[in-house]
Each structure stands twice: as C-alpha cells, then as structure tokens.
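Asker: The following block contains the structure, expressed as structure tokens.
The values are calculated or read from the model by the stated rules, or taken from the named source; none is laboratory data. The shown structure was predicted, so the numbers you read here are calculated from the model rather than taken from an experiment. Virtual Cβ from ideal backbone geometry, glycine too; neighbours counted across all protein chains shown. Surface areas here come from the heavy atoms of the whole protein model, side chains and all, with no ligands, DNA or RNA. Shrake-Rupley method; radii C 1.70, N 1.55, O 1.52, S 1.80 Å.
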Amino acid sequence: MLRLASVTPPAWTDAALGGVSELLLDHAHCELKAASTALGLAFRCASIPGLPEPLSRLAREELEHFELVLAALRERGIAFGRAAATPYAARLHGAIRGAEPSRLVDTLLCCALIEARSCERMQLLATRLPDPSLRDLYEGLLASEARHHATYVDLALEVAPRTEVLRRLDELAAHEASVLADSPRGPRLHE
Ligand SMILES: [Fe+2]
Ligand SMILES: [Fe+2]
C-alpha cells in the first residue's frame, strides 16, 4: 500500500511519453540521488540500532537501478550528463520539522513518499510506454520502489510510535500531493 494522497493525472503520463529521452535522463539522476540519500542517512543514523543495514541495502539497490537506467540511456545514444533539478524534493522537505527526533521521522517519511510516487508513476510507464524494453525496465523496477516505500516507513517506526508515524505520514502525503499539484508538468518523474 503506497499511502499517497493523490493519483497522478493523465496529463503527466502524456508529458512523460512526449519526452522519453528527458524522462530517462531525469530518472537516472533520481536513482543516483536516491542512493546518495540512503547512504547519507546511513551515516546520520549510524548509532540507531536497526537503521544502517537496511539503508545500506537500499543504497546498493538504488545504484543498481541507476546502472540499469544508464544502460537504457546508452542503448538509445543518450549521453548521461547534468539535468536541471526539479523543485519537488526541496519543496517536499520544506515540511520537515526542525527538532529531533521529529526531523528524522519526517525525513524518512519524505523518502517513503518519494519512493511511493516513483512506484506509482513507474506503473503508468510500464503499461503505457510504446517501447517494450522500456516497459520491461519499469515493470522490473516498480516492485523495488514499493518495497523501498515500505522500508522507509518501517525505519520511521524504529524512531517513533506507530500512531505518530502514521498520522505524520498522512499529513506529509497531503503536502506531497499539493507540491505536485503546483509543479510544472514536464517529462520528469516528479513533475
Ligand atoms: Fe530505485
Ligand atoms: Fe527506490
């Protein structure tokens, strides 16, 4: 269960299908950023029992995803290079509370929501992309992203009581939906 507060509109899928090269480039960056975020959290949570190992595993899987998307770029003759950042993550993180342990709980839940949104949209790509090898790529990735969503929620549950975590997840999911509703619409995973 992905616990998102909105459903991606058809206009997003249309924009994504209209710019597959840009979408793949953005997606490669998203996977690399996901690995970097998980690794950063492993450092930050080094002294919290039960957190470093799943975060390390998650970082490793995101790097594997990054390499799969890099291969898809290479097969299509698309150079991997810099891509303009989207405001999504920064705006999502704007709701993170300042004092610990709330700050860590919110950070983990924002990661959970990013994973959930990726998974939801990969499902759309896996059914709608005309290129069968790209459909297979997204079909293969989306189960991992659903698992990552659940992992981040589980990690937040290591830090705070269940009722607080689930209440905060609902609040942040509503915030995530409003961030996306106000975002520009381009061929990006989180626009
Ligand atoms: Fe991933
Ligand atoms: Fe992920």
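Asker: What's the local net charge at Glu100, with K and R +1, D and E -1, over the other residues with C-beta under 11 Å away?
Answerer: Values: positive: Arg44, Arg97, Arg103; negative: Asp106.
Spelling it out: positives minus negatives among the neighbours equals +2.
Asker: While we're here: Ignoring everything except DSSP H segments at least 4 long, calculate the 222 nm mean residue ellipticity for the chain; use -39,500 (n - 2.57) per segment, divide by total residues, nearest 500. Before the final figure, lay out each step's value.
Answerer: Values: 7 runs with 138 residues, N = 191.
One gets -25000 deg cm²/dmol as the mean residue ellipticity at 222 nm.
Asker: May I ask for the percentage of alpha-carbon pairs in the chain that lie more than 31 Å from each other? If you can, show how the numbers build up before the last one.
Answerer: On the way: 2534 of 18145 pairs.
Here the long-distance tail beyond 31 Å is 14 percent of all Cα pairs in the chain.
Asker: Sticking with this one: Using label points projected 7 Å from each Cα along Cα→Cβ, tell me how many nm separate Asp136 and Ala90, to one decimal.
Answerer: So the two model labels end up 3.9 nm from each other.
Asker: With a 1.4 Å probe and every protein chain left in place, work out the accessible area per residue of the stretch 1-79 in Å², rounded to a whole number.
Answerer: Details: 4110 Å² over 79 residues.
Computed with neighbouring chains in place, this is 52 Å² per residue.
Asker: State the extension gain, in nm to one decimal, for the chain segment bounded by Ala143 and Arg97, taking 0.36 nm per residue of separation less the distance between their alpha-carbons. Kindly include the intermediate steps, with their values, before the conclusion.
Answerer: Numbers: separation 46, 0.36 × 46 = 16.56 nm, distance 2.98 nm.
Stretched out fully, the Ala143 to Arg97 stretch lengthens by 13.6 nm.
Asker: Rounded, prolate or oblate: which one fits the stretch 1-67, using the alpha carbon gyration tensor with axes a ≥ b ≥ c (rounded when a/c is under 1.5, else prolate when a/b beats b/c, else oblate)? Walk me through the numbers on the way to the answer.
Answerer: Numbers: a/c = 3.66, a/b = 1.83, b/c = 2.00.
Oblate, because a/c is 1.5 or more while a/b does not exceed b/c.
Asker: Roughly what would the spin-label model give for Ala181 and Arg44, points 7 Å off Cα along C-beta, in nm?
Answerer: 2.7 nm
Asker: Using the crude model of +1 on Lys and Arg Cβ and -1 on Asp and Glu Cβ, and no other charge, please compute the dipole size for the chain relative to its Cα centre, in debye to 20. Numbers along the way, then the final one.
Answerer: Numbers: 21 positive and 26 negative charges, 58 e Å.
Here the size comes out at about 280 debye.
Asker: Among the complete DSSP H segments of the chain, which ones combine at least 15 Å of alpha-carbon extent along their axis with a mean Kyte-Doolittle hydropathy of 0.0 or more?
Answerer: On the way: long enough: 20-44 (35 Å, 0.53); 52-75 (35 Å, -0.27); 102-128 (39 Å, 0.42); 132-159 (42 Å, -0.05); 162-181 (28 Å, -0.07).
Once both thresholds are applied, what remains is 20-44, 102-128.
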